[in-house]
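Asker: Handing you this structure, nothing more for now.
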Amino acid sequence: MARQAQERIAIMGDEAVALAVKQSNVDVIAAYPITPQTIIVERLSEYVANGELDAAFIQAESEHSALSICVGASLAGARVFTSTASQGLALMHEIVYATSSMRVPMVMAIANRSLNAPLNIHCEHGDVMPERDSGWVHLFATNVQEAYDLTFIAFKLSEHSDVQLPVSVNLDAFILTHSVEPLTPISDDDASRFLPPRQPLYSIDFDNPATFGTMALPDTYMEFKYQLKEAAERAGQVYPKVAEEYARISGRRYWYFNSYMADDADAIVLVLGSTYGTLKAAARRLRESGLKVGVIGLTMFRPFPENQLVELLKNAKSLIVMDRAYSYGGLGGPLYMETLAMLYRNGLRVPAMNVVYGLGGRDFRLDEAESVLKMALDGARRGRFDEHVIWWGVRA
Amino acid sequence: MSSQAIFYKTPKDLPREEWFASGHRLCAGCGAGIAARLVFKAIRGPTVVVNPTGCVEVSTSCYPYTAWKIPYVHVAFENAAAVASGIVEAMKILNKKRGKKLHDVIVFAGDGGTFDIGFQALSGALERGHNMLYICYDNEAYMNTGIQRSGATPIGAATTTSPAGKVIPGKQERKKDLIAIAVAHRIPYAATASISHPLDLVNKVRKALEIEGPKVLHVLAPCVPGWRYPPAETVRIARLAVETRYFPVYEVEYGRVRINIKVKEPKPLEEFLKMQGRFSHLLRPENAHVLEALKKAVEENWERLVKLEESGVTL
Amino acid sequence: MSAKKIVEPIVKGQFTYRDLPIGAMIPIPATSLEYKTGVWRTRQPKIDYGRCIKCLLCWVFCPDAAIKRLDDDSVKVDYEYCKGCGVCETVCPVKAISMEEV
Ligand SMILES: Cc1ncc(C[n+]2csc(CCOP(=O)(O)OP(=O)(O)O)c2C)c(N)n1
Ligand code: SF4
Ligand code: SF4
Ligand code: SF4
Ligand SMILES: [Mg+2]
């Protein structure tokens, strides 16, 4: 497949997602506005209103209904997109679980924002974490280009016959949704080749009448949930194949995570979302002065890429897991707890600490990233950390 | 049905096909079961049903048993109108883009899923104008969870959360006026029907399907354990509801009210009430005031409809 | 695929998760016909064909589609599914149906 050279453009994260959706042969879009996702749905409604996108755009009267509309449309055989954040995702919660358990493919962009209260519109991953156990595939972008690319990958993965699961593409509120970054789009032709019109495995059809969304009693319920477990894990196996196919048309290769010099690092910092870029820049500086630090930015949070992470972490002498979310009354942030479980059951005795940071959009600057990396180095040198969890920068 | 063609004149005209099959687990004598059977006899071609959580759902789609012969979708309790909206719009765009066969979309929802928790989704769907027929089978309480009150429970009725107590004798609030609310969305067609008048019901279903846009049909469907009567009486009780003016059968077409069953000489409301355990306390002297309140609500509603019909105003 | 094929393994408890359809959907219609609700019955309707005027009202009102309408518009109780509610008895205009103890 000949790749057509594409020009670089400057674009906001929200707009980049909307552009990807427009190029994805989408049929139905249903959403409800919430900052900082609004630009995504505004652009999409413009595309439809101007005849640039042949799709149904439905602004629902709530997020609960928006996702419900998407479920109905996807069962009817449409390629479906929605987008939300924060309270909107919380309001969808019930249907988030129904979507994955009914095995309904769709893509949702989540503009990760804190969850009320106190009311706050800024970046946090505390909105998507309650959906962690739902069976959705959760992908995280570290920059605008990734948010764009992952949207295509998400559609393909979602509809794959071995997967049949909804997929979320997470992008940090404002940091990615509203910042203008360079983007190299793929051509419409390449997009269409990668994502031809959806061909559903089954759909609502009078000539083959199926009953969707049944009640299951204890005699079959666990088996249906086991199917979901298997499908979610299969998504992890299918993902690199889809990513490879995307690499052939885009030249950009996606993996379960981004990593910067983690292979030979003594001290590693693991993170989700845009902070990967900040940490990477800080790590580059420290590497220049010979300090063996590395950074991993997880692209795929669900299914959790255990084997690949273990491979990368097995020689590390210390690990800091950064969480932009917290489990109150629990042992730390969700990524940290997952990572601890992974280390333990794989026999890795690497000292690990949790840095909880940036809640409600609190800034996390380059110099702070450098401090965290140095803290990780200190842990590597001493073979331990003094604390399990620290709340970065909190006035305690 | 005066203005439109009548599709079914006698029971013989009803199709033999059972789109809603035997083997479902609704109670013996269930009014909602009668409603479901009749409604889906009146489909006119490819049709999909969306059914929220409730008695009909749990009794007709319990894996591995489905009573449905047409495509059926259940997702949750409060979102049937939204799920249906998505199906309608998907069918439309897929028909245009890839030639997918268009389907009529019928929602079949309980009163709880309509008057209460599904109310917002219904209003949103009506406002957006999707081409669907929304049918509420009204048994006047949350039956599936054990007969709790709903916004459709009438004043005075005892439910498990509005019991006939010594101080508070049953539900104290009036029934919501679903059709008035639906009509306030300026939809082309809204109507009531009772399972006791099957030809009126099926003709309304069929007529509504012929009209483009959102339509609402409110169907009275008595419930054996919820209303507390012997199962054989389901149809008789539904008929008494009509004959006492308790449940007026009317339609609102493009805002014009037409009472389809003129009840010139109504039977005493007590005839309807005394057959049902949920109202038994109303016939005791100490609760005469509640009985009066219910009678007043019934009479006011009837007179309002008569006035609307006679004046010919457009709602 | 037949209704039996979907229902039987569940009833017998002989299946694994691999045998079940995706997302708990039921891929074919009316599998409920395998669920014989006739066993619920404590009373049952009997039709007196001498009286029956073939008005079809019992067929119209049966909540369980357990009154069959035959080609000549005569009616017949399907005891596999009849739950014995007695609705047919009360709607029959000529008292051609009577409920009997089973
Ligand atoms: C969000 C949510 N809340 C509560 C329930 C529990 N629930 C299931 S069915 C039902 C009542 C249904 O009432 P109605 O819509 O009138 O139908 P019916 O059972 O009377 O036929 C309730 C409360 C639920 N399934 N989902
Ligand atoms: S409880 Fe009432 S509505 Fe529910 S199945 Fe029984 S009779 Fe029908
Ligand atoms: S008794 Fe009830 S279930 Fe049996 S045939 Fe008569 S109406 Fe149908
Ligand atoms: S209702 Fe009575 S008269 Fe009418 S068909 Fe049935 S048995 Fe015959
Ligand atoms: Mg109810």
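Asker: Considering (1) outside any helix (DSSP H, G or I); (2) in contact with a strand residue (DSSP E or B) (Cβ under 7 Å, 6 or more places away or on another chain); (3) within 7 Å of chain B (Cβ to nearest Cβ), say which one residue C:85 fails and leave the rest.
Answerer: Only one criterion in (1) outside any helix (DSSP H, G or I); (2) in contact with a strand residue (DSSP E or B) (Cβ under 7 Å, 6 or more places away or on another chain); (3) within 7 Å of chain B (Cβ to nearest Cβ) is unmet by residue C:85, namely (2).
Asker: Taking the condition under 21 Å from residue B:269 (Cα atoms) and away from ligand 3 (no atom under 16 Å from the Cβ), does residue B:95 pass?
Answerer: no
Asker: May I ask you to list the residues in the range C:1-15 that are more than 7 Å from every other protein chain (Cβ to nearest Cβ) and in a helix (DSSP H, G or I)?
Answerer: Matches in the range C:1-15: C:3, C:4, C:5, C:8, C:9, C:11, C:12.
Asker: Return yes when residue C:53 is near ligand 3 (Cβ under 9 Å from one of its atoms), among the aliphatic types (A, V, I, L, M) and within 30 Å of residue B:239 (Cα to Cα) and no when it is not.
Answerer: no
Asker: Only one of these conditions is not met by residue C:18: (1) in a helix (DSSP H, G or I); (2) in contact with a Phe, Trp or Tyr (Cβ under 8 Å, 6 or more places away or on another chain); (3) not β-branched (Val, Ile, Thr). Which number is it?
Answerer: Tallying (1) in a helix (DSSP H, G or I); (2) in contact with a Phe, Trp or Tyr (Cβ under 8 Å, 6 or more places away or on another chain); (3) not β-branched (Val, Ile, Thr), residue C:18 fails exactly one: (2).
Asker: Oh, and also: If I ask for residues that are β-branched (Val, Ile, Thr), under 18 Å from residue B:221 (Cβ atoms) and within 7 Å of ligand 4 (Cβ to nearest atom), which ones from the range C:47-91 would you list?
Answerer: C:91, the sole residue that qualifies.
Asker: For the range B:169-238, give me every one of the helices (runs of 4 or more DSSP H) that falls completely inside it and has 2 or more residues that are in contact with a strand residue (DSSP E or B) (Cβ under 9 Å, 6 or more places away or on another chain).
Answerer: Per the criteria, B:178-183, B:198-210.
Asker: For a quick check of your reading of the model, give me the residue pairs whose first member lies in the range C:54-79 and is at negative phi, whose second is of a type in the set (Asp, Glu) and surrounded by fewer than 22 Cβ atoms within 10 Å (Cβ to Cβ), with beta-carbon atoms closer than 6 Å and at least 6 apart or on different chains.
Answerer: C:66/C:78; C:68/C:78
Asker: May I pose another question? Give all pairs with beta carbons closer than 7 Å in which a residue from the range B:76-92 that is within 20 Å of residue A:200 (Cβ to Cβ) meets a residue that is within 16 Å of ligand 5 (Cβ to nearest atom); count only pairs at least 6 apart in sequence or on separate chains.
Answerer: B:84/B:107
Asker: Here's another thing I want to ask about it. State the number of residues belonging to the range B:130-168 that are outside any loop (DSSP other than H, G, I, E, B) and in contact with a Phe, Trp or Tyr (Cβ under 6 Å, 6 or more places away or on another chain).
Answerer: 2
Asker: A further question on this structure: Among the numbered conditions (1) more than 9 Å from chain B (Cβ to nearest Cβ); (2) within 24 Å of the chain's Cα centre (by Cα), tell me where residue A:218 comes up short.
Answerer: Residue A:218 satisfies every listed condition except (2).
Asker: Would it be correct to say that residue A:216 is out of contact with any Asp or Glu (no Cβ under 9 Å at 6 or more places or on another chain) and under 25 Å from residue B:86 (Cα atoms)?
Answerer: Working: out of contact with any Asp or Glu (no Cβ under 9 Å at 6 or more places or on another chain): no; under 25 Å from residue B:86 (Cα atoms): yes.
So residue A:216 does not fit the description; no.
Asker: Quick one: which of B:125, B:90, B:84 is within 16 Å of ligand 1 (Cβ to nearest atom), modelled with pLDDT of 95 or more and buried (at least 24 other Cβ atoms within 10 Å of the Cβ)?
Answerer: Unique residue meeting the criteria: B:84.
Asker: Please find, within the range C:55-70, the residue that is farthest from ligand 1 (Cβ to nearest atom) out of those that are at the interface with chain B (Cβ under 9 Å from one of its Cβ atoms) and part of a loop (DSSP other than H, G, I, E, B).
Answerer: Only one residue fits best here, namely C:55.
Asker: Here is a follow-up. Inside the range B:51-75, can you point out the residues that are at the interface with chain A (Cβ under 7 Å from one of its Cβ atoms), touching a residue at least 40 places away in the same chain (Cβ under 8 Å) and in contact with a strand residue (DSSP E or B) (Cβ under 6 Å, 6 or more places away or on another chain)?
Answerer: B:58, B:68, B:70
Asker: So which residues in the range B:11-26 are among the charged types (D, E, K, R) and farther than 17 Å from residue C:54 by Cβ, if there are any at all?
Answerer: Within the range B:11-26, B:17, B:18, B:25 meet the criteria.
Asker: Now, a different point. I need the full set of residues from the range A:66-123 which are buried (at least 24 other Cβ atoms within 10 Å of the Cβ), within 11 Å of chain B (Cβ to nearest Cβ) and of a type in the set (Ser, Thr, Tyr), in order please.
Answerer: A:68, A:74, A:82, A:99
Asker: Out of all the residues in the range B:98-118, is one or more touching a residue at least 60 places away in the same chain (Cβ under 8 Å), within 23 Å of residue A:96 (Cα to Cα) and either more than 16 Å from ligand 1 (Cβ to nearest atom) or in a loop (DSSP other than H, G, I, E, B) (or both)?
Answerer: Yes, the range B:98-118 contains a residue that is touching a residue at least 60 places away in the same chain (Cβ under 8 Å), within 23 Å of residue A:96 (Cα to Cα) and either more than 16 Å from ligand 1 (Cβ to nearest atom) or in a loop (DSSP other than H, G, I, E, B) (or both).
The values are calculated or read from the model by the stated rules, or taken from the named source; none is laboratory data. Quick caveat: nothing in here was measured; it's all calculated off a predicted structure. Methodologically, a virtual Cβ is constructed for each residue, glycine included, from the backbone with ideal geometry; neighbour enumeration extends over all protein chains shown.
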